[in-house]
Number of protein chains: 4
Amino acid sequence: MSGNGFGHLFRFTTFGESHGPAIGCVVDGVPSRIPLAEADIQAWLDLRKPGQNRFTTQRREADEVKILSGVFEGQTTGTPIGLLIENTDQRSKDYGEIKDSFRPGHADWVYQQKYGIRDYRGGGRSSARETAMRVAAGAVARMVLDALVPGGVTIRGAMVRMGIQAIDYGAWDWDETKANPFWCPDAQAAKEWETYLDSIRKNGSSIGGVVEVVASNVPVGLGSPVYDKLDADLAKAMMSINAVKGVEIGAGFEAASLSGEDNADEMRMGNDGQVKFLSNKAGGILGGISTGQDVVVRLAVKPTSSILTPKKSVDRQGNEVEVSTKGRHDPCVAIRAVPVAEAMMAVTLADHLLRLRAQSGGF
Amino acid sequence: MSGNGFGHLFRFTTFGESHGPAIGCVVDGVPSRIPLAEADIQAWLDLRKPGQNRFTTQRREADEVKILSGVFEGQTTGTPIGLLIENTDQRSKDYGEIKDSFRPGHADWVYQQKYGIRDYRGGGRSSARETAMRVAAGAVARMVLDALVPGGVTIRGAMVRMGIQAIDYGAWDWDETKANPFWCPDAQAAKEWETYLDSIRKNGSSIGGVVEVVASNVPVGLGSPVYDKLDADLAKAMMSINAVKGVEIGAGFEAASLSGEDNADEMRMGNDGQVKFLSNKAGGILGGISTGQDVVVRLAVKPTSSILTPKKSVDRQGNEVEVSTKGRHDPCVAIRAVPVAEAMMAVTLADHLLRLRAQSGGF
Amino acid sequence: MSGNGFGHLFRFTTFGESHGPAIGCVVDGVPSRIPLAEADIQAWLDLRKPGQNRFTTQRREADEVKILSGVFEGQTTGTPIGLLIENTDQRSKDYGEIKDSFRPGHADWVYQQKYGIRDYRGGGRSSARETAMRVAAGAVARMVLDALVPGGVTIRGAMVRMGIQAIDYGAWDWDETKANPFWCPDAQAAKEWETYLDSIRKNGSSIGGVVEVVASNVPVGLGSPVYDKLDADLAKAMMSINAVKGVEIGAGFEAASLSGEDNADEMRMGNDGQVKFLSNKAGGILGGISTGQDVVVRLAVKPTSSILTPKKSVDRQGNEVEVSTKGRHDPCVAIRAVPVAEAMMAVTLADHLLRLRAQSGGF
Amino acid sequence: MSGNGFGHLFRFTTFGESHGPAIGCVVDGVPSRIPLAEADIQAWLDLRKPGQNRFTTQRREADEVKILSGVFEGQTTGTPIGLLIENTDQRSKDYGEIKDSFRPGHADWVYQQKYGIRDYRGGGRSSARETAMRVAAGAVARMVLDALVPGGVTIRGAMVRMGIQAIDYGAWDWDETKANPFWCPDAQAAKEWETYLDSIRKNGSSIGGVVEVVASNVPVGLGSPVYDKLDADLAKAMMSINAVKGVEIGAGFEAASLSGEDNADEMRMGNDGQVKFLSNKAGGILGGISTGQDVVVRLAVKPTSSILTPKKSVDRQGNEVEVSTKGRHDPCVAIRAVPVAEAMMAVTLADHLLRLRAQSGGF
């Protein structure tokens, strides 16, 4: 339990720095005989890949994943799955400034304080590069969920706010999230965001955003009270993503403003003899356990502090300096958080699904 | 890792139901020779105790904690600390309705689905009664922090919003939190809340709230990237508290609306040769590691669904029913979440402090 | 993971010192709807209870276990099971000598070195008193195994060697283990041991022994390669018992002397279409996974160093002293290890059974 | 916690099959600023490498380890260390027989039962090939121990018995372990073993052995009672090594034959004011905690069942067959267990050293 892994029964552990030779992970606990090929993982990595449009960082990585173990003749064997992605874009670069000065809002200074040493190249371990392995592990988790849950589990993410510009929930269209560079489910908002973000990008500034992830067809019963609640583990999963500063489930912070009458999700019997909820303020989780409704999580992503405007900082020698980021960076890192948040939803659900299998009642 | 414990090196595991003979916990991993007496724990339990005014549940519990092990001659011995509180208020009561009908918004239905059995008396394990042991474990964690951190760590909570009524941050006064029944740091707001909540209470309704917890004098370096980040563990800790639906760190969801310029916490050198941050949008955590600034966490607490107004539900036999709660209940459960959130902050910090000791650099 | 718990999915955590007010444990991860009553646990505790004959310590404990949580109307609810035993035999005693002098072969000195403090009364946490909670947790594990494995799992222990006097395996009779005070399966040996141990006891000396535990009707597939092998976890479980200095599986150390021909367990098809092994040198475990044969573990228990003969030691002040134990103590602590070893077998199997349920193949 | 990792604070997780593209591991929890280079690891791997004489398998692997992360400018950074070894010797081979028939004494049959699928090539995950990563992780652990313990910790292994031929402990010479192919510390025994093992090898047979590992200059205080005792974790570590069937500490099974008088390690004050033990029956561990004496562990290794003599078995279709191993295999796999056992000693001590740092008393 040393910090670089997530999950208990479905557990993955990542390694790798931004500018080292490779990044990788070990996915342990995957049941056997689940279909898995590199293409199943690559598909999700391709969706995450930066540099595909002018709104995400121009780093160009092939991001080709290799399965090194745990799969035999197209199926998992129950042994750990080793995954590796070589870093191809390690252009020699002048890190002089980053090497000695600490970028405000980055992990630079605090890593130096904690460890007395840091791999300053591209942010080292604190780089968003690490999230590629989350997406890879998430792809494996999706295969597990699809194999073990009848009908499969659908996990989709969207960006629902960019800066102060929120979407219209009434205009939600999942297909639209694939049609614009923002994972925006509202076509009209997407258009406005394009102009908005172009202006931010040109000014060398940046902006935050809110991401929503929805899991559908989640089995009833995921979550282990009282500390390993499904929502508690989701909160940890999401808050562990770079730049995330807030997490909410269902109505979330809005619930704090509601009365008990308005917040209750009433229940009726459906024609199929199954209980139906008349609303989903709970976001699919009650008492820490999934109810079978959509699990809905939102996360707040801060703006990157890699901006053109010089900001006050200090260097290793204790001198006061001004730091600005000249290279091209993401004007809105929330965009890239979407597939990562989907992946973290997938691994959290897969982990709890295995726990449910272990500890379901003796009946 | 079966769901009822929290923490790794400082780890506590709780047990007990609302109406069983007792609740208790084991606190493991406490270093030796830390002063600890029952009174050190009792003091915090007394602050949490419900029934002290008309705004919290009228259940009357003595909540007298007993230390059963791990302390010798007033000091911890390094062995596990067993804590026990007997349940004294288990009045025989007619649970007929709760026994068979599921209260909307409660864990009743989902426990029944997951486990095929539930202790319906007072909510059983999902009752807020369990949080007494969190407060007890938190009290031990405070002793650890105070013993190991020069100057001690101060952890204080406040309620900053009740329903739609927010405090004025400019009027913040920590002393005020002890002077009103709401942990409200704004004297004026506290007065208004009294009227507001009285009206809600009399109507048999309920309302949500937002709680803020601040830890001061936190050492630099707490948090283990990239999954056991301090903020990730705090998010899990807070989201595991009953009725919490959202967690944010520092600027939190507001950060999603900010530009990079506005969100950056600039750094300068202080007169004492130490780095000073000029703001604290980060809430004391960068890259998952504490910076030495105040650690600031806010949580959204939903309104209890135990209300007088009948709501649509179902019973165990699959009949559609209406459920209302006649007994007296908390009109705003966020109030009782304050000391619990403080406690979860304490245990999370203590756990990461021990990890820092273990893994601090070899230099 | 702070040292006082065992198991992952079926996990128990104990607390309590020899002369504190009580000992207890939390058993977490038990599936719901498994029958459980205090009597199910008490029965095993009664078998373990010391002071029942002249060959075990004369401490008299009622050892009455109370279930504090996790059971409702005679069945487990899936919530943690809190167990408590009050210490009734805490006669005021002069600990003067033990308080300041370190008994050779005991944990006294090393606890003092590690923790800088120790509860010296009766050995504190290092006392065999703690093993009562192992037996209690083992009783719960047996209920889990019996509920989830068709036909139940039978776990029986025996003492197979006392000092240099080994049993005749040809004379093995399980019923005999209940008929003598040594859990000896060989009636003839039991008689000889009685004389042998009487003489040791009268001389104020002590002797070691070897315990064998056999689990029958174990499902195929328990054990998670490559570090959480079933035999690896059993080795840890057994070596964690007080005074145990060696553990072996199946042929054990004898296997080191065998040729590959003599050590192989050949396989044939049984009339029932199931694979049969023609021998069990492996002790029921291959590659870390149970084969369905009897799981056979043996443990070496050292003689207690609480003896009448004075031995050289030191005291807290660094003076050289002689220490002898005047009170009555166990001449052969291996006897009391038998039910404890059975219990540790039960919890290890239960833990791996739950893991098998979680991670069994997706087919 | 899914089976393929070991340790808590110093934790490594391995992946890889015998005939996949590569094997690897992630070492997490290493403190920062510890010197580490590939050569530090390669040196130990070279000692382990099979095929160096006629007594170990002829598989020829370059076993070149690559550090993929966690090291910067020659020092650890506190981030996870990714290690990779490509499998170079994957000659196409006819696995027809192994593919369908189960070798008695191997994990083949039980893997097939548990997982419903297995990578039969060279034993897949159950192959001793995995142990290369243990040695690699062990090399990192040695660097940690040497950096954090003044004077460093010396860990050395030896083979003390081959079949029925034991060494003379009086003739022990550590230098001799490097001078013969058996890690035998007794020059005379080594000569006899050569003849003995040649004859076994020529007959296509195999033989077991006993390995002893000794750690010197171990700090006092490693080990966390009562379940994570140092000896309990060592027992698990050693029993997890392929083919190991028994583990003992200090006097081990012999202690079962001793009287309390003969087994006690008496204590005196040394001239340096430190406590000295007059013997080491305890093997350096009392009450689960290291005493500062040499930690001594012995393990029993069974003979490989890959032998020329046909043995009765079954195939996947349920037919009864005879299986013999024609290729060249290790006549005594205990030889190769020596460096692996050393490595497991190193990782166990490193893990507990970090725990001691975390939880040492508040004084």
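Counting other Cβ atoms within 10 Å as a rough exposure proxy, the listed residues A:Ile289, C:Ile249, A:Ile164, D:Ile85 run A:Ile164, D:Ile85, A:Ile289, C:Ile249 from fewest neighbours to most. Each copy carries a label point for C:Thr195 at 7 Å from Cα along the beta-carbon vector; from one copy to the others these points are 4.5, 9.7, 10.6 nm apart, nearest first. In the structure shown, the pairs C:Lys302/D:Lys202; A:Lys49/A:Lys276; A:Lys245/B:Lys276; A:Lys245/A:Lys312; D:Lys114/D:Lys311 are assessed against 31 Å; a Cα-Cα span above that value is assigned to C:Lys302/D:Lys202; A:Lys49/A:Lys276.
The residues packed around A:Leu84, meaning those with a beta-carbon under 10 Å from its beta-carbon, carry a net charge of -1 if Lys and Arg are +1 and Asp and Glu are -1. The value of relative contact order for region C:17-158, using C-alpha pairs under 8 Å at least six residues apart, is 34 percent.
Note on region C:5-360: Cα convex hull, mean projected area over all directions, 19.5 nm². For region B:73-184, what class follows from the C-alpha gyration tensor (a ≥ b ≥ c being the square roots of its eigenvalues): rounded when a/c is under 1.5, otherwise prolate if a/b is larger than b/c, else oblate? It comes out oblate by the Cα gyration axes. Shielding by partners for peptide C:63-69, expressed as the average number of C-beta atoms from other protein chains within 10 Å of each residue's C-beta, is 4. A simple packing score, the average count of other Cβ atoms within 10 Å per residue, orders the peptides B:295-303, C:351-359 as B:295-303, C:351-359, with the highest score first. Helix D:38-48 and the long axis of chain D differ in direction by around 60°, with both axes built from C-alpha atoms. What does the C-alpha gyration tensor say about the overall shape of the protein assembly as shown? Classify as rounded when a/c is under 1.5, otherwise prolate if a/b is larger than b/c, or oblate. Prolate shape, in that a/c is at least 1.5 and a/b is the bigger ratio.
Ordered by the count of other Cβ atoms within 10 Å of each Cβ, fewest first, A:Arg156, B:Arg118 give A:Arg156, B:Arg118.
Label-point distances for B:Ala166 to the equivalent site in the other copies, using a point 7 angstrom along Cα→C-beta, read 1.3, 7.9, 7.9 nm when ranked shortest first. On the basis of the beta-carbon distance and an R0 of 35 Å, D:Asn271 and D:Lys191 show a calculated FRET efficiency of 0.30. At full extension, C:Asn53 and C:Ala37 could sit 3.0 nm farther apart than now, given 0.36 nm per residue minus the alpha carbon distance. Remark: mean inter-chain Cβ contacts per residue of B:201-211 equal 4, using a 10 Å Cβ-Cβ cutoff to other protein chain atoms. Based on C-alpha pairs under 8 angstrom that are at least 6 apart in sequence, chain A has a relative contact order of 22 percent.
Packing, taken as the mean count of other beta carbons within 10 Å per residue, orders the peptides D:197-203, A:107-113 from highest to lowest as A:107-113, D:197-203. Between copies, C:Asp89 shows label-point distances of 4.1, 6.1, 7.3 nm, shortest first, with the point placed 7 angstrom from Cα along Cα to C-beta. Chain A's nearest residue to the axis relating it to C, judged by Cβ and reported with the distance in whole Å, is A:Ala358, 2. Spin-label pair A:Tyr169-D:Ala62: with each label point 7 Å from Cα along the Cα-Cβ axis, the two points sit 5.9 nm from one another. With a 10 Å cut-off around each Cβ of B:102-109, the average count of Cβ atoms from other chains is 6. Each helix, a run of at least 4 DSSP H residues, gives -39500 (n - 2.57); summed and divided by the residues of the protein assembly as shown, these come to -8500 deg cm²/dmol at 222 nm. Across region D:278-336, the relative contact order, built from alpha-carbon pairs under 8 Å that are at least six residues apart, equals 26 percent. Fewest-first ordering of B:Tyr196, D:Tyr115, B:Tyr169 by other beta carbons within 10 Å of each residue's beta carbon gives B:Tyr169, B:Tyr196, D:Tyr115.
Placing unit charges on the Cβ atoms of the charged side chains and taking the dipole of chain D about its Cα centre, the candidate lying farthest along the positive direction among D:His352, D:Thr154, D:Gly208 is D:Gly208.
Where a number appears in this text, it was derived from the coordinates with a stated rule and is not lab data. Everything numeric here is computed off the predicted structure, so don't read it as measured data. For neighbour counting, all protein chains shown are included, and Cβ atoms are generated from backbone atoms with ideal geometry for every residue, glycine included.
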